[in-house]
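First up is the structure itself, then whatever we jot down about it.
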Amino acid sequence: MDRRKFLGVGIAAFAAVVMPGTDLKAMNFRDTKPKAWESEKTVDGIKALYGNAGLKKSNKLIFKAPKLAENGGSIPITIKSSLDLESVALFQDANPRCLTCVFSVPKGAIIEYDFRIKMRQTAVVTIVGKERGTGTLYTASKEIDVSIGGCGG
């Protein structure tokens, strides 16, 4: 058996064993909250996605990003949290639309996300997490200086 076939069979077997015990569901926020994806400012995007609830800063919602991004086309972002969140969203005012991504968090999941975003200019990036059950909104933010814009700049 060649290596690729072995890996494919191994991954399929692992998924077959693990998947029945997990409760994975994805929500299409573009269908359920379309105005959030059209908002230009973070304040409006948060309101469209989560409503008028107040935001609380928490040291249990950790957001890491570089202070200076030399290339706005690929900015590394890390989000970690020990809170029981049902969703986590990232907003920024550098691009024409503020909402960048939303993650649905399965119950009991470990929140440790690493991904990259594009920004065309310097702006504040805001993370908002919605707590499961209570609906409390937690936030963290950071300004990222962009040297070379990533959206055609």
Take Ser58 and decide whether it is polar (S, T, N, Q), under 11 Å from the mean Cα position of the chain (by Cα) and open to solvent by less than 30 Å² (accessible area, probe 1.4 Å). no
Just one of (1) part of a strand (DSSP E or B); (2) open to solvent by less than 60 Å² (accessible area, probe 1.4 Å); (3) within 23 Å of Ile148 (Cβ to Cβ) trips up Ala89, so point out which. (3)
Would you confirm, using the coordinates I've provided, whether Glu112 is open to solvent by less than 80 Å² (accessible area, probe 1.4 Å) and assigned to a strand (DSSP E or B)? no
Is there any pair with a first residue in segment 111-130 that is among the polar types (S, T, N, Q) and a second that is open to solvent by less than 10 Å² (accessible area, probe 1.4 Å) whose Cβ atoms are under 6 Å apart and which are 6 or more apart or on different chains, and what are they? Gln121/Ala94; Thr126/Phe91
Could you pull out the residue among Leu83, Leu49 that is in contact with a Lys or Arg (Cβ under 7 Å, 6 or more places away or on another chain) and part of a loop (DSSP other than H, G, I, E, B)? Leu83
Just the residues that are closer than 21 Å to Trp37 by Cα and of a type in the set (Asp, Glu), please, taken from segment 81-97. Glu86, Asp93
Within the group Thr78, Thr100, which residue is modelled with pLDDT of 95 or more and not basic (Lys, Arg)? Thr78
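Does segment 38-52 include one or more residues that are small (Gly, Ala, Ser) and at pLDDT below 90?
Here is the first cut: in segment 38-52, the ones small (Gly, Ala, Ser) are 39, 45, 48, 51.
Retained after the next criterion (residues that are at pLDDT below 90): none.
For segment 38-52, residues small (Gly, Ala, Ser) and at pLDDT below 90: absent.
The values are calculated or read from the model by the stated rules, or taken from the named source; none is laboratory data. Quantities reported herein were computed from a predicted structural model and do not represent experimental measurements. With ideal geometry, Cβ positions are generated from the backbone for all residues, glycine too; neighbour counts draw on all protein chains shown. Surface accessibility is based on the protein's heavy atoms, side chains included, excluding ligands, DNA and RNA. Shrake-Rupley method; radii C 1.70, N 1.55, O 1.52, S 1.80 Å.
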